[in-house]
Amino acid sequence: MSTLQPAGSGAQFHSIDGVYNFAYLDEQTKRMIRRALLKAVAIPGYQVPFGGREMPVAYGWGTGGMQVTASILGVDDVLKVIDQGADDTTNAVSIRRFFNRTAGVPVTEATTEATVIQTRHRIPEKTLREDQVIVYQVPMPEPLRKLEPRETETRKMHAFAEYGLMQVKLYEDISRHGEITTTYDYPVEVNARYMMAPSPIPKFDNPKMHAMPALQLFGAGREKRIYAIPPYTKVRSLDFNDYPFEPQQFEDPCALCDAKGVFLDEVILDDKGDHMFVCSDSDHCRDRRAEGHMGPRAREAAEKGYGADE
Amino acid sequence: MTQHMMLQVQDLSKTFTLHTQGGATLPVFDGVNLAVGAGQCIALTGASGAGKSTLLRSLYANYRPSSGQVLVRHREAMVDLTGAEPRLQLEIRRETIGYVSQFLRVIPRIPAEGIVAEAAVAGGMDAAQALDAARALLRRLNLPERLWSVPPATFSGGEQQRVNIARGLIRSFPVLLLDEPTASLDAENRNVAVALIMEAKAKGAAIVAICHDETVRAEIADAVFDVSAFQVAA
Amino acid sequence: MSDAPLLEAEGVSHTYAGGQVGCADVGFTLYPGEVLGIVGESGSGKSTLLSCLSGALPPSRGRVRFAVRGQGMQDVFKLSEPERRLLMRTDWGIVHQNPRDGLRMSVSAGGNVGERLMAVGARHYGDIRSEALDWLGRVEIDAERVDHLPRTFSGGMQQRTQIARILVSQPRLVFMDEPTGGLDVSVQARLLDLLRGLVRDLGVAAVVVTHDLAVVRLLSDRLMVMRQGRVVESGLTDQVLDDPQHPYSQLLVSSVLQA
């Protein structure tokens with residue numbers, strides 16, 4: 001909605017408070033990470049090890065994504081950070097503030113305004129453009145890990161493209177539950193070569209990864225791995241011929257903005273079990289409402305004379 | 001000799017060396033020469049311990065002779081079984097030499113008819129045909145039908161023996177080695193066994209048999225071969 | 001006799017770092033459908049030999065060659081690693097003594113059996129599952145157990161699942177390391193029958209390493225007796241067991257209690 005302007009101008013290489021280097025990491029580290037990124041882009045889906053640094057937040061809070069963001073951020077960039085699709089959750093707010101303070105770059109909640117989008121668990125509903133980069137926070141980069149605990153073995157599996165085991169995982173799903181029950185971090189094959197964990201995004205978002213105009217970067221802080229999908233790369237979600245990949249579908253539209261074909265979150269309204277489904281992408285929902293779209297709840301609220309989201 | 005030579009034993013000797021008994025040697029026979037033509041049956045005789053079984057086993061390459069040769073007509077050529085590669089020995093057993101031992105080596109869980117049919121399948125018959133042939137043979141040998149589908153482990157000696165004969169004679173081996181084929185049979189089944197052996201002979205099988213039953217021996221054998229004549233003086 | 005060899009070992013020797021001899025100068029030729037037994041007591045070098053034969057341990061001297069489909073005899077240790085690994089998943093199988101080494105314990109029996117099919121590109125769930133069920137049936141595991149984890153199985157069932165997991169890819173050569181070790185006697189007999197039937201029906205060649213003479217009597221066509229890393233005697237299984245020549249073979253055979 002609103003774009004925060006850098007508090008101090010002319011802070012080209014230093015953070016605005018003058019304490020930290022621009023975007024927190026020192027230049028050598030950023031170069032090292034950029035080299036890893038270049039390799040990752042050159043080999044789509046391949047996990048490149050990198051010398052991950054300690055960040056001033058705990059592992060699990062996006063240290064991998066932050067290091068990637070820090071390395072690619074320039075003074076002209078506009079940063080958006082989302083967590084589960086929302087811009088206003090603690091994690092998103094903290095990371096946005098962190099870069100606003102250490103890099104002084106403008107931050108935004110509007111997907112269309114951002115040049116760099118760091119995300120945890122979602123891809124925005126609006127189609128990303130060629131001049132945008134999306135950075136995923138990745139807790140576990142190795143898609144084969146749960147089935148094959150030996151790192152030496154999974155590396156060989158990737159090297160020789162031995163991916164039958166990943167299929168075994170889906171087989172287990174179907175044999176136990178009658179369908180592929182993996183609903184997030186659903187494994188994909190990138191550029192018809194590497195098996196990749198898309199990070200815990202819902203499988204709803206998997207099709208967006210395919211042939212995306214924007215560059216997709218992935219950073220895993222604890223595991224110290226970086227990988228990437230260059231723009232317009234083929235990304236295929238694994239499946240069986242007789243159990244094809246199917247993204248989640250929602251019967252009803254967003255209760256607030258009436259959007260269909262978007263990922264919805266369930267919101268509990270009171271302790272009597274009243275609930276509604278609303279857009280997980282808060283920016284997208286807000287834009288639609290601004291355009292005058294109105295979901296059933298919003299309509300109901302408007303008729304009663306107050307805003308449904310208040 | 002006008003007969004088609006099938007089996008020719010040349011200067012065969014066998015001595016056991018018992019390394020577990022301080023290297024004691026146990027000579028059994030020496031200088032055995034024997035020839036068996038197609039359709040001919042030779043009965044081995046000699047007192048118990050004369051080495052009849054040892055000779056018969058040597059003809060099957062079950063025992064390894066100390067010297068000499070066992071020549072067998074295999075695929076139209078005389079082949080030395082004794083010195084052949086294991087692979088050739090197996091092939092000769094599969095195609096040329098049949099062996100009916102005194103005791104059935106019971107394979108747990110495999111029914112009687114399966115044991116007999118398996119032998120025919122090994123000879124190239126298809127499974128269904130082999131099972132039919134096996135049942136026909138077991139019927140002829142008067143093995144009660146209820147036993148056909150039962151593993152023979154619990155059978156009486158005579159019942160096991162009949163399974164064994166059926167197994168050995170279901171195919172037409174060019175060379176047959178019989179070790180007391182009728183020992184535990186009653187008169188009726190002995191006659192059936194004799195008839196089967198005579199049929200094999202008529203088909204041209206060269207037979208070497210150990211047979212204590214003189215009546216049976218007289219019926220099947222064309223000549224006797226006294227193994228004790230080749231015994232080595234201890 | 002016209003068919004070509006499947007596996008050929010020539011002068012295979014392995015000496016461990018400390019100078020300890022694992023196996024020395026072992027040679028043999030295995031043909032399609034043949035079952036070779038290797039017997040000897042613990043420390044006789046039979047396990048080392050098996051490792052060398054199955055591509056797990058490069059021999060210090062000698063070579064092991066396998067008839068790779070469409071490529072003729074190839075030195076197993078000169079194949080690239082992906083080629084060797086592909087062989088392991090397709091034309092070869094290893095039955096481990098401990099089924100835990102050959103199974104994924106956290107994957108269902110059906111998934112374990114289906115893995116090799118998926119590894120070579122099977123992508124139809126229904127087909128994979130029906131093939132897994134078929135193979136579990138052949139190793140006498142109830143269809144109801146197809147979705148159960150192997151850790152809920154008895155030792156004998158685990159061993160049979162391991163065998164189904166291998167045979168599903170219709171290998172041409174199976175290595176077995178003490179396949180009946182660690183099982184109750186009654187379970188052993190059942191497993192042996194099963195293996196015997198499968199080996200016969202499928203015409204798969206096998207190298208079976210064991211210290212149990214009953215196992216080789218039932219399964220193998222040919223036998224090698226090993227002692228202190230060397231083959232002291234070889235021949236048809238019944239020859240070696242009924243008329244052993246070497247002092248050690250005689251000792252081995254005479255040490256078995258007759259039941």
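Within the range C:200-210, is even one residue in a helix (DSSP H, G or I), within 11 Å of another protein chain (Cβ to nearest Cβ) and modelled with pLDDT under 90?
Checking the range C:200-210: at least one residue is in a helix (DSSP H, G or I), within 11 Å of another protein chain (Cβ to nearest Cβ) and modelled with pLDDT under 90.
Give A:Leu238, A:Leu256, A:Leu217 a once-over and let me know the one that is open to solvent by less than 20 Å² (accessible area, probe 1.4 Å), within 14 Å of chain C (Cβ to nearest Cβ) and either in contact with a Pro (Cβ under 9 Å, 6 or more places away or on another chain) or farther than 30 Å from C:Asp127 by Cα (or both).
Details: A:Leu256 fails: within 14 Å of chain C (Cβ to nearest Cβ); A:Leu217 fails: within 14 Å of chain C (Cβ to nearest Cβ).
Residue meeting the stated conditions: A:Leu238.
Looking at the range A:172-186, which of the residues that are within 14 Å of chain C (Cβ to nearest Cβ), assigned to a loop (DSSP other than H, G, I, E, B) and not β-branched (Val, Ile, Thr) is farthest from A:Leu217 (Cα to Cα)?
A:Gly178
Here is a check on your reading of the model: is A:Glu189 assigned to a loop (DSSP other than H, G, I, E, B), of a type in the set (Asp, Glu) and either within 12 Å of another protein chain (Cβ to nearest Cβ) or closer than 23 Å to A:Pro230 by Cβ (or both)?
Answer is no for this residue.
Is it the case, given these coordinates, that B:Leu131 is modelled with pLDDT of 95 or more, buried (at least 16 other Cβ atoms within 10 Å of the Cβ) and out of contact with any strand residue (DSSP E or B) (no Cβ under 8 Å at 6 or more places or on another chain)?
Yes, satisfied.
So, of the residues in the range C:211-222 that are in contact with an Asp or Glu (Cβ under 8 Å, 6 or more places away or on another chain) and more than 9 Å from chain B (Cβ to nearest Cβ), which turns out to be least open to solvent (accessible area, probe 1.4 Å)?
Looking at the filtered set, the residue picked out is C:Asp212.
Which residues, taken from the range A:221-235, are of a type in the set (Gly, Ala, Ser) and either modelled with pLDDT under 95 or farther than 13 Å from A:Ala40 by Cα (or both)? Please lay out each step first, then the result.
So in the range A:221-235, the residues of a type in the set (Gly, Ala, Ser) come out as A:221, A:228.
The answer is A:Gly221, and nothing else.
What number goes with the only condition from (1) open to solvent by 10 Å² or more (accessible area, probe 1.4 Å); (2) closer than 30 Å to A:Glu172 by Cα; (3) among the β-branched types (Val, Ile, Thr) that A:Val78 does not pass?
(2)
So if I check each of C:Gln158, C:Gln170, which one is more than 14 Å from chain A (Cβ to nearest Cβ), in contact (Cβ under 8 Å) with a residue 24 or more places away in the chain, open to solvent by 30 Å² or more (accessible area, probe 1.4 Å) and closer than 25 Å to C:Arg217 by Cα? It would help to see each step written out before you state the result.
Values: C:Gln158 fails: open to solvent by 30 Å² or more (accessible area, probe 1.4 Å).
Sole residue among the options that is more than 14 Å from chain A (Cβ to nearest Cβ), in contact (Cβ under 8 Å) with a residue 24 or more places away in the chain, open to solvent by 30 Å² or more (accessible area, probe 1.4 Å) and closer than 25 Å to C:Arg217 by Cα: C:Gln170.
So which residues in the range C:16-75 are of a type in the set (Val, Ile, Thr), outside any helix (DSSP H, G or I) and either within 14 Å of chain B (Cβ to nearest Cβ) or under 22 Å from C:His246 (Cβ atoms) (or both)?
Once the filter is applied, which keeps residues that are of a type in the set (Val, Ile, Thr), outside any helix (DSSP H, G or I) and either within 14 Å of chain B (Cβ to nearest Cβ) or under 22 Å from C:His246 (Cβ atoms) (or both), the range C:16-75 yields C:Val21, C:Val26, C:Thr29, C:Val35, C:Ile38, C:Val39.
Could you say which residue among C:Arg100, C:Arg84 is within 13 Å of chain A (Cβ to nearest Cβ), farther than 19 Å from C:Gly11 by Cβ and open to solvent by 10 Å² or more (accessible area, probe 1.4 Å)?
The match here is C:Arg84.
Kindly list the number of the only condition in (1) in contact with a helix residue (DSSP H, G or I) (Cβ under 9 Å, 6 or more places away or on another chain); (2) under 25 Å from A:Cys279 (Cα atoms); (3) surrounded by 21 or more Cβ atoms within 10 Å (Cβ to Cβ) that fails for A:Thr102.
So the condition that A:Thr102 fails would be (2).
Do we find that B:Gln102 is open to solvent by 50 Å² or more (accessible area, probe 1.4 Å), more than 14 Å from chain C (Cβ to nearest Cβ) and under 23 Å from B:Phe29 (Cα atoms) in this structure?
Answer is no for this residue.
For the range C:150-185, which positions are in a helix (DSSP H, G or I) and among the polar types (S, T, N, Q)?
C:Thr152, C:Gln158, C:Gln159, C:Thr161, C:Gln162
Looking only at the range A:220-235, which residues are open to solvent by less than 10 Å² (accessible area, probe 1.4 Å) and either farther than 18 Å from A:Ala192 by Cβ or without any contact (Cβ under 8 Å) to a residue 60 or more places away in the chain (or both)?
Answer for the range A:220-235, where residues must be open to solvent by less than 10 Å² (accessible area, probe 1.4 Å) and either farther than 18 Å from A:Ala192 by Cβ or without any contact (Cβ under 8 Å) to a residue 60 or more places away in the chain (or both): A:Ala220, A:Gly221, A:Ile226.
Can you name the number of the only condition in (1) over 28 Å from A:Arg53 (Cα atoms); (2) outside any loop (DSSP other than H, G, I, E, B); (3) touching a helix residue (DSSP H, G or I) at 6+ places or on another chain (Cβ under 8 Å) that A:Leu217 fails?
Condition not satisfied by A:Leu217: (1).
Considering only residues of the range C:87-97 that are within 14 Å of chain A (Cβ to nearest Cβ) and either in contact with a helix residue (DSSP H, G or I) (Cβ under 6 Å, 6 or more places away or on another chain) or touching a residue at least 60 places away in the same chain (Cβ under 8 Å) (or both), which is surrounded by the most Cβ atoms within 10 Å (Cβ to Cβ)? Working first, answer last.
Keep residues of the range C:87-97 that are within 14 Å of chain A (Cβ to nearest Cβ), which gives C:87-90.
Going one step further and asking which of them are either in contact with a helix residue (DSSP H, G or I) (Cβ under 6 Å, 6 or more places away or on another chain) or touching a residue at least 60 places away in the same chain (Cβ under 8 Å) (or both), we end up with C:89-90.
On the way: C:Arg89: 18, C:Thr90: 16.
That would be C:Arg89.
Residue by residue through the range B:63-99, note down the ones that are in a loop (DSSP other than H, G, I, E, B), within 12 Å of chain C (Cβ to nearest Cβ) and without any contact (Cβ under 8 Å) to a residue 12 or more places away in the chain.
Correct list: B:Glu85 only.
Taking the condition assigned to a loop (DSSP other than H, G, I, E, B) and within 20 Å of the chain's Cα centre (by Cα), does A:Glu223 pass?
yes
Would the range B:114-137 turn up any residue that is within 14 Å of chain C (Cβ to nearest Cβ), of a type outside the set (A, V, I, L, M, F, W, C), out of contact with any Pro (no Cβ under 6 Å at 6 or more places or on another chain) and not in a loop (DSSP other than H, G, I, E, B)?
yes
The values are calculated or read from the model by the stated rules, or taken from the named source; none is laboratory data. Because the structure is predicted, anything quoted here is derived from the model rather than measured. Because the Cβ atoms are built from the backbone with ideal geometry, glycine has one as well, and the counts that use them run over all protein chains shown. Heads up: the accessible areas ignore ligands, DNA and RNA and are worked out on the full protein's heavy atoms, side chains in. Shrake-Rupley method; radii C 1.70, N 1.55, O 1.52, S 1.80 Å.
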